[in-house]
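Visitor: Supplied in structure tokens, the structure appears directly below.
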Amino acid sequence: MNRRRFAIVTCALTLAAALSLLLPGRAWAQSTPEQTVNAFYRDYMTAVERSPRNWVETLVNGQKANLDAHLAAGLLEMAGNTPESGKPWLDFDPFGNSQMGTKSFTVRSAVNKNGQILVPVAILLNRDQGPAKVRVTAVVKQWEPGGKYIITNFLYPAEYGAPGWDLQGFLKKTLKH
């Protein structure tokens, strides 16, 4: 019995190793909208910690395959500008929807609303005492049935008397593209 069990375990491990060589690095981790958004936000937290001066560029360049091309280009353009450049620049964190820094995040369950896949992200800011609240919702699209998911936009809720808005619209209006 021990030999048979050993043979089965060895065969299973060999098969798993072979499959991991055939599949792209994150194919296992991004098979659902929530997993795609979670991988993005894990990289976000790492980029902020490791590259505090250019974390947006680090994050977007590392996640380009998982972001809409127009969204990535607009973010990179604004992130590369400074107030001194006279060009539009990012003066807030578009993924935490704040200027206060993100302490943690929780990706909530995706919902399909009017044909859009929406993935709410609860953010706990560094200054927050209470529980995390949904500050951002990622809009996710699947390129083809069974294909990978990409993030196409970020939506922000209405708060403090201001209406809700979206990042793609903000980038288009601000960059005049």
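Visitor: Calculate the dipole size of region 30-175 relative to its Cα centre from +1 charges on Lys and Arg beta carbons and -1 charges on Asp and Glu beta carbons; express the result in debye to the nearest 20.
Guide: Charge dipole, region 30-175, about its Cα centre: 200 debye, nearest 20.
Visitor: Same structure again: Would you kindly calculate the mean projected area, averaged across all directions, of the convex hull enclosing the Cα atoms of region 30-175, in square nanometres?
Guide: Projected over every direction and averaged, the Cα hull of region 30-175 covers 9.1 nm².
Visitor: Would you please state the base-10 log of I(q)/I(0) at q = 0.22, 0.24 1/Å for region 81-142, with intensities from the Debye formula using one equal scatterer on every alpha carbon?
Guide: -0.86, -0.92
Visitor: Kindly put T174, T82 in sequence by how many other C-beta atoms sit within 10 Å of each C-beta, fewest to most.
Guide: With the fewest neighbours first, T174, T82 line up as T82, T174.
Visitor: Also: How many angstrom separate the Cα center of region 115-164 from the Cα center of region 48-102?
Guide: 16
Coordinate-derived values only; no laboratory data. All figures in this text were calculated on a predicted structure; none of them were measured in a lab. Every residue, glycine as well, gets a Cβ built from its backbone with ideal geometry; the counts of neighbours run over all protein chains shown.
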